[in-house]
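Notes for the one structure printed next.
The values are calculated or read from the model by the stated rules, or taken from the named source; none is laboratory data. Here the structure is a predicted model, which is why all the values come from computation and not from measurement. FYI the Cβ positions are ideal-geometry reconstructions off the backbone, even for glycines, and counts take in every protein chain you see. Protein only, heavy atoms only, side chains kept; ligands, DNA and RNA dropped before computing areas. Shrake-Rupley method; radii C 1.70, N 1.55, O 1.52, S 1.80 Å.
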Amino acid sequence: MKRIAIFCGSKMGNEPVYEQAARELTEALVKKGIEIVYGGGDVGLMGVVAETALENNGIITGVIPDKLYEMEVAHTGITKLYRVKDMHERKALMADLSDGFIALPGGVGTLEEMTEVMTWAQIGYHNKPCAFLNTKGYYDHFIAFFDHMEEQGFLYKSLHDQAIVESEPVELIARLVAKS
């Protein structure tokens with residue numbers, strides 16, 4: 001595993017533990033020599049991931065749509081920044097550049113990005129592992145909803161078969177690397 005895409009919030013969240021978990025995860029990835037691909041922003045948890053990677057001499061690649069770049073939320077000091085036309089191109093390029101995916105806490109954009117790559121895996125577009133960093137139980141309700149979808153007969157595989165869910169960054173990375 002050479003590169004992992006991180007999907008995360010453009011906001012910090014209300015709890016300091018989210019920032020701490022983002023830092024810990026990023027530091028652990030860099031220590032393992034794993035490059036990071038992310039949304040290219042310098043705000044919220046995205047900014048934390050970028051700054052932490054840079055502080056630890058990691059390689060971090062951002063992929064940002066023109067609209068967000070023009071809104072001045074791009075991190076222009078990272079290793080490499082791709083500017084793309086729209087969100088569709090962003091997700092496709094992030095997926096192409098990455099060997100696996102991690103969702104940190106975030107909003108609907110984070111959920112949409114992660115569920116899309118999970119859908120792509122389900123229909124055979126890739127076989128890259130997907131993982132959720134479930135900091136402070138952030139994804140508990142989401143996981144419960146996946147269990148509900150399975151109980152109601154709408155999933156081909158349960159979330160537990162499709163994705164890794166861990167609350168500790170180091171454990172999550174170990175499981176992600178083992179699954180690749």
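The table below lists the values:
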quantity: Most mobile listed residue (Val108, Val63, Val84) in the chain, GNM with C-alpha springs under 10 Å; calculated: Val108
quantity: 1.4 Å probe accessible area per residue over the chain, in Å²; calculated: 51 Å²
quantity: Cross-link reach list, lysines versus Lys85, counting only Cα pairs under 20 Å and skipping chain neighbours closer than eight places; calculated: Lys67
quantity: Entries of Lys31/Lys157; Lys128/Lys157; Lys80/Lys179; Lys32/Lys80 with Cα pairs more than 25 Å apart; calculated: Lys31/Lys157; Lys80/Lys179
quantity: Answer label for semi-axes √(5λ) of the Cα gyration tensor in Å (calculated), chosen among [x] 24, 18, 16; [y] 34, 17, 14; [z] 30, 17, 15; calculated: [x]
quantity: Low-density loop positions, trypsin sites (Lys or Arg not before Pro), the stretch 71-102 - DSSP coil, at most 16 other Cβ in 10 Å; calculated: Lys85
quantity: Shape of the stretch 1-67, Cα gyration tensor, a/c cut at 1.5; calculated: oblate
quantity: Solvent-accessible surface (1.4 angstrom probe) belonging to Glu150, in square angstrom, nearest 10; calculated: 80 Å²
quantity: Contour excess over end-to-end distance, with Cα ends at His126 and Ser158 and 0.36 nm allotted per residue; calculated: 9.8 nm
